[in-house]
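Below is one structure, written out as structure tokens, with a few remarks after it.
Computed from the coordinates by the stated procedures, all read-outs in this text should not be read as laboratory data. None of the values given here were measured: they were computed from a predicted structure. Cβ placement follows ideal geometry from the backbone for every residue including glycine, while neighbour counts extend to all protein chains displayed.
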Protein chains: 2
Amino acid sequence: MKFIHTADWHLGKLVHGVYMTGHQREALDQFVQLVEEEKPDAVVIAGDLYDRSVPPVEAVNLLDEMLFKLNVELKTPIVSIAGNHDSADRLSFGSSWYRHSHFYLSGKLTDSFKPVHINGVNFYLVPYAEPGAVKELLDDHSIHTHHDAMKALVGRIEEELNPKEPNVFVGHAFVTGGETCESERLLSVGASGSVGAELFAPFSYTALGHLHSPNAIRHETIKYSGSLLKYSFSEAKHRKSVSIIEMEDNGTFTIRERNLTPSKDMRELEGYLDELLDTSFYEKQKCDDYLKVTLLDEGAILDPMGKLRQVYPYVMHLERKADLADQRRNQGFSIGDSQKKKSELDLFEQFYKEMTAQDFTDEKKSVVAGVIETAVKEEMPV
Amino acid sequence: MKFIHTADWHLGKLVHGVYMTGHQREALDQFVQLVEEEKPDAVVIAGDLYDRSVPPVEAVNLLDEMLFKLNVELKTPIVSIAGNHDSADRLSFGSSWYRHSHFYLSGKLTDSFKPVHINGVNFYLVPYAEPGAVKELLDDHSIHTHHDAMKALVGRIEEELNPKEPNVFVGHAFVTGGETCESERLLSVGASGSVGAELFAPFSYTALGHLHSPNAIRHETIKYSGSLLKYSFSEAKHRKSVSIIEMEDNGTFTIRERNLTPSKDMRELEGYLDELLDTSFYEKQKCDDYLKVTLLDEGAILDPMGKLRQVYPYVMHLERKADLADQRRNQGFSIGDSQKKKSELDLFEQFYKEMTAQDFTDEKKSVVAGVIETAVKEEMPV
């Protein structure tokens with residue numbers, strides 16, 4: 001049995017103010033082509049199909065079109081769940097109809113843990129859900145963290161699971177120790193929201209979404225496929241791919257990766273302005289990639305962005321090494337610190353301390369954490 | 001052949017700040033029951049399933065649930081189009097899958113005018129579209145108004161239509177002479193956006209959405225089903241219903257209406273405060289209806305809303321006859337004027353003239369009309 005594992009398409013995403021929809025179309029065209037060649041028994045999409053609960057119409061049209069090609073035209077069964085960026089309710093609309101065509105979309109977590117059977121493999125679909133929602137659904141008041149929630153969910157699945165069959169878990173979670181990058185949204189404000197890898201021991205293969213690097217975790221049976229495209233410069237060195245799994249009846253499998261290569265890469269360039277604008281340098285470059293440029297020059301430069309864009313039209317972000325070093329010195333940060341991704345709560349705490357002479361107490365922290373959690377969901381008021 | 005004609009569900013609508021979703025569920029439960037009894041060959045929903053392009057998740061869940069009951073559980077074919085309140089793109093998502101279950105949803109206008117055949121009847125689905133979009137789609141630069149657009153669309157349909165068969169047009173439009181009410185949105189800023197009834201002559205029956213009164217037009221073959229519920233006090237005297245059409249092979253038909261009666265009605269009450277609060281009066285009333293109250297008292301009254309709500313908990317709107325007469329006198333309006341629905345553009349013009357000493361020229365009018373047209377679409381920026 002052969003299936004392809006992908007996740008984190010994030011259709012409708014803006015990167016540095018630029019809509020990625022065109023490049024997403026390009027990558028998905030490659031993916032459709034790849035599915036046509038590989039002829040898998042199923043395609044697994046492990047959450048974050050969209051970048052936000054109300055995606056732009058272009059993203060809605062793109063997803064509709066691509067799923068139609070895969071499922072209806074190529075007759076490939078699809079197994080998919082909602083991630084933390086999707087609106088479980090909005091994504092679920094129509095899913096009862098899709099099942100007729102072997103398109104299994106689990107948007108909202110329910111208390112039914114029946115697997116989807118495809119060619120002898122059982123797929124357990126667990127869409128992303130907040131610990132509070134899982135606590136309520138399972139009526140289990142011992143659930144507080146994402147780890148607790150996942151443990152309880154896997155416990156329910158295990159009640160019915162036949163360990164002699166090949167069982168695949170499809171979920172959207174942050175496994176402890178996984179490598180993060182800047183384009184993921186923290187699952188839990190003020191905490192990591194991670195779940196222990198040991199929870200997935202009952203499964204032959206665990207197909208995850210959430211972390212954007214295909215190598216986010218090194219584990220024999222737990223895998224992230226990584227995102228469809230690079231969605232931040234912290235991913236500049238990633239090689240984005242999808243995973244092709246061929247599974248035996250006993251649950252053992254082989255895995256290989258196939259790359260997706262959009263026409264515009266996302267890269268970092270560092271150098272002196274004169275160097276970067278020198279023909280002998282830039283004629284060896286793919287100048288129309290999306291670029292983050294770090295200038296090494298010190299002192300004033302007139303309109304560096306304007307000059308750079310004459311050669312590199314898609315510079316998305318410009319930094320100056322000198323400024324950075326200054327800023328860090330002034331703010332008392334070490335360079336190491338700035339590399340770390342700060343949570344919204346950390347940033348707010350820092351801001352609060354700078355602006356007031358007061359303590360950012362646990363009580364205040366909890367109020368702000370609640371506000372942030374509501375805000376990042378971007379849901380419509382109802 | 002028997003089909004039921006309904007339209008203008010407006011799921012997710014707020015009336016005077018109150019979400020109608022609960023009452024919409026109640027009315028749709030009655031509708032499902034009615035379909036179960038009538039066992040029609042099809043249900044026709046002529047647009048405005050939602051009240052806005054991005055409806056609240058409760059509305060999304062409600063529509064999904066009700067369509068599933070009708071189409072999958074009761075196995076009733078559904079023929080539906082997008083109205084001016086729906087987002088054609090968002091509503092269309094998944095429609096390619098729905099067709100397998102005989103759920104025909106036409107969200108986006110295309111240049112294919114093939115009908116849906118159900119039990120010997122041809123249904124021509126024409127979702128709502130702006131004249132500009134029709135002009136582009138048909139590459140016909142003579143199209144300027146809604147009438148032009150509809151004429152061109154019907155023209156295309158007529159090229160293929162067999163007049164000897166029963167042909168049903170399903171559309172969302174304002175037929176000239178139709179009776180409007182306050183909960184409809186004008187189709188064209190600064191103009192009526194109406195289309196002539198004569199255009200629909202080729203059809204045995206024209207199932208329309210847009211106007212909210214079931215008696216919006218008196219015509220032998222052109223019908224509005226009216227909205228699911230009363231959505232404004234201007235509809236207080238409407239009796240909301242769906243139409244049941246039994247059509248012969250030659251296109252002749254009989255029509256009857258079946259009412260939908262939600263537990264809370266929307267009514268108007270007029271009287272002196274003491275009268276309305278008198279037990280002998282209110283014990284004959286259904287006090288928990290949604291009410292618009294007009295008080296006849298003159299002079300100051302302390303907290304009339306508070307007093308009224310002790311007896312009538314769902315007063316949505318309170319007016320005082322004396323204030324109204326005063327306002328009208330001061331603003332130089334006649335009572336007749338105030339009864340008429342003013343368009344956003346008219347209101348803006350009035351405001352502009354009050355605020356400035358300048359003329360509201362045609363050029364200014366056209367700019368503001370454009371802004372209003374964009375704003376009322378409520379679409380996300382992309």
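Let me see the pair-distance distribution of the range A:196-285: every alpha carbon pair, 5 Å bin width, integer percents in order.
Histogramming the range A:196-285 at 5 Å steps yields 3, 11, 19, 16, 14, 11, 8, 6, 4, 4, 3, 1, 0 percent.
So for the protein assembly as shown, taking the charge dipole from beta-carbon charges (+1 Lys/Arg, -1 Asp/Glu), which of A:G12, A:S112, A:H141 sits furthest toward the positive end?
The listed residue farthest towards the positive side: A:S112.
Can you put B:K307, B:K223 in order of Cβ neighbours within 10 angstrom, beginning with the fewest?
Numbers: B:K307 15, B:K223 23.
So the ranking, lowest neighbour count to highest, is B:K307, B:K223.
Among A:P131, A:P163, A:H23, whose Cα sits farthest toward the positive end of the charge dipole of chain A (+1 at Cβ of Lys/Arg, -1 at Cβ of Asp/Glu, about the Cα centre)?
Toward the positive end, the furthest listed residue is A:H23.
With r as the distance between the Cβ atoms of B:E283 and B:R258 and R0 = 25 Å, compute the FRET efficiency 1/(1 + (r/R0)^6) and round to 0.05. Let's see the in-between values first.
Working: r = 31 Å, r/R0 = 1.25.
Efficiency, from the Cβ-Cβ distance: 0.20.
Suppose the chain between B:V367 and B:T145 were pulled fully straight at 0.36 nm per residue; how much longer would it get relative to their current alpha carbon spacing?
Taking B:V367 through B:T145 to full extension adds about 78.1 nm, to one decimal.
For B:K365, place a label point 7 Å out from Cα along the Cα→Cβ vector, do the same in each other copy, and report the separations in nm, one decimal, smallest first.
Label point to label point, same position, other copies: 6.3 nm.
How far is helix A:21-38 tilted, in degrees, relative to the longest principal axis of the Cα atoms in chain A, given as a value from 0 to 90 rounded to the nearest 10?
So the inclination is approximately 40 degrees.
Once the label point is placed 7 Å from Cα along Cβ, list for B:A133 the distances to the corresponding points in the other copies, in nm, shortest first.
3.0
Rounded to the nearest 20 Debye, what is the dipole magnitude of the protein assembly as shown about its Cα centre when Lys and Arg each give +1 and Asp and Glu each give -1 at the C-beta?
Working: 84 positive and 122 negative charges, 104 e Å.
The dipole of the protein assembly as shown has a size of about 500 debye.
Using θ = phi - 60° and the Karplus relation 6.51 cos²θ - 1.76 cosθ + 1.60, list the HN-Hα couplings for the range A:45-58 in order, rounded to whole Hz, with x at every Gly or Pro.
10, 8, x, 6, 5, 9, 8, 8, 5, 10, x, x, 4, 4
Of all DSSP beta bridges located in the range A:1-157, what percent are antiparallel, nearest 5? Present the calculation step by step, with values, prior to reporting the outcome.
On the way: 5 of 18 bridges.
The answer is about 30 percent antiparallel.
Return the calculated 222 nm mean residue ellipticity for chain A, to the nearest 500 deg cm²/dmol, obtained by summing -39500 (n - 2.57) across DSSP H runs with n ≥ 4 and dividing by the residue count.
Working: 13 runs with 121 residues, N = 382.
Here the helix-only value at 222 nm equals -9000 deg cm²/dmol.
Suppose every Lys and Arg Cβ carries +1 and every Asp and Glu Cβ carries -1, with no other charges. What dipole size does chain A come out with about its Cα centre, to the nearest 20 debye?
Numbers: 42 positive and 61 negative charges, 77 e Å.
About 360 debye.
Using each residue's phi in the range B:242-252, evaluate 6.51 cos²θ - 1.76 cosθ + 1.60 at θ = phi - 60° and report the 3J(HN,Hα) Karplus result to the nearest Hz, with x for Gly and Pro.
Values, residue by residue: 10, 9, 10, 10, 10, 10, 7, 5, 8, x, 6 Hz.
Quick check: the angle from helix B:321-331's long axis to the longest principal axis of chain B, C-alpha only, nearest 10 degrees?
80
Based on the alpha-carbon gyration tensor of the range B:89-176 and its eigenvalue square roots a ≥ b ≥ c, which shape applies: rounded if a/c is under 1.5, prolate if not and a/b is larger than b/c, or oblate?
Numbers: a/c = 2.04, a/b = 1.25, b/c = 1.63.
It is oblate, given that a/c is not under 1.5 and a/b is not larger than b/c.
Order of B:R52, B:R258 from fewest to most other C-beta atoms within 10 Å? Walk me through the numbers on the way to the answer.
Numbers: B:R52 22, B:R258 14.
Fewest-to-most ranking of B:R52, B:R258: B:R258, B:R52.
What's the average, rounded to a whole number, of partner chain beta-carbon atoms within 10 Å of each residue's beta-carbon in A:95-103? Before the final figure, lay out each step's value.
Details: counts 4, 9, 14, 4, 2, 5, 4, 0, 2.
Averaged over the peptide's residues, the number is 5.
What does the charge count around A:D303 come to, taking other residues whose C-beta lies under 15 Å from its C-beta (Lys +1, Arg +1, Asp -1, Glu -1)? Please list the in-between numbers first.
Details: positive: A:K307, A:R309, A:R320; negative: A:D274, A:D297.
Spelling it out: positives minus negatives among the neighbours equals +1.
What fraction of the DSSP beta bridges in the range B:154-233 is antiparallel, stated in percent and rounded to the nearest 5? Don't skip to the answer; put the middle values down first.
Values: 1 of 11 bridges.
The antiparallel proportion sits near 10 percent.
Considering the Cα positions of the range A:1-155, please state its Rg to one decimal place and its Dmax as a whole number of Å.
16.1, 48
With 10 angstrom as the radius, rank B:D303, B:D297, A:D289 by how many other C-beta atoms surround their C-beta, starting from the fewest.
Fewest-to-most Cβ neighbours within 10 Å comes out as B:D303, B:D297, A:D289.
How big is the C-alpha Rg of chain B next to the rule-of-thumb value 2.2 N^0.38 Å, as a ratio?
Cα Rg divided by the expected 2.2 N^0.38 Å: 1.06.
Each residue of the range A:63-70 in order: what ³J(HN,Hα) in whole Hz does its phi give by Karplus 6.51 cos²θ - 1.76 cosθ + 1.60, θ = phi - 60°, with x for Gly and Pro?
With coefficients 6.51, -1.76 and 1.60, one gets 5, 4, 5, 6, 5, 5, 4, 5 Hz.
How are the C-alpha pair distances of the protein assembly as shown spread across 10 Å bins, as whole percents from the shortest bin up?
For the protein assembly as shown, the pair-distance distribution reads 2, 11, 18, 20, 19, 16, 9, 3, 0, 0.
So for the range A:74-118, Kirkwood radius off the Cα pairs, Stokes-Einstein at 10 °C and 1.306 mPa s: how many µm² s⁻¹? Mind dumping the intermediate values first?
Details: Rh = 11.2 Å.
Value of D from the Cα-based Kirkwood radius: 142 µm²/s.
Using Cα pairs closer than 8 Å and at least 6 residues apart in sequence, work out the relative contact order for the range A:84-163, in percent.
Values: 69 pairs, mean separation 15.8, N = 80.
RCO, the range A:84-163: 20 percent.
Which net charge results for the neighbourhood of A:K364, defined as the other residues with beta-carbon distances under 13 angstrom from its beta-carbon, given Lys and Arg at +1 and Asp and Glu at -1?
On the way: positive: A:K353, A:K365; negative: A:E349, A:D359, A:D362, A:E363.
Taking every other residue near A:K364 into account, the sum is -2.
Using Cα atoms only, what is the angle between the long axis of helix B:344-355 and the major principal axis of chain B, expressed in degrees (0 to 90) to the nearest 10?
Approximately 40 degrees, to the nearest 10.
For chains A and B related by rotation, which residue of A has the Cβ nearest the axis, and what is the rounded distance in Å?
Nearest Cβ to the rotation axis, residue and whole-Å distance: A:G94, 2.
Please list the non-local residues whose amide H lies under 5 Å from the amide H of A:H10, H modeled 1.01 Å from N, same-chain partners needing a gap of 5 or more.
A:L49, A:Y50
Rounded to the nearest 5, what is the percent of antiparallel bridges among the DSSP beta bridges in the protein assembly as shown? Intermediate values should be presented prior to the final figure.
Values: 34 of 112 bridges.
The answer is about 30 percent antiparallel.
What does the charge dipole of the range A:1-83 about its Cα centre add up to, to the nearest 20 debye, if the Cβ of each Lys and Arg holds +1 and the Cβ of each Asp and Glu holds -1? Before the final figure, lay out the partial values.
Details: 7 positive and 13 negative charges, 29 e Å.
Dipole size: approximately 140 debye.
So for chain B, averaging the separation of alpha carbon pairs under 8 Å that are six or more residues apart and normalising by length, what relative contact order in percent results?
On the way: 725 pairs, mean separation 57.2, N = 382.
After rounding, I find 15 percent.
Give the nm distances, rounded to one decimal, from B:N259 to the matching residue in every other copy, measuring between label points 7 Å along Cα toward the beta carbon; shortest first.
Copy-to-copy label distances for B:N259: 7.1 nm.
What nm value, rounded to one decimal, do you get for the distance between B:E38 and B:D297 when each label is placed 7 Å out toward the C-beta?
Result for the modelled spin labels: 4.6 nm.
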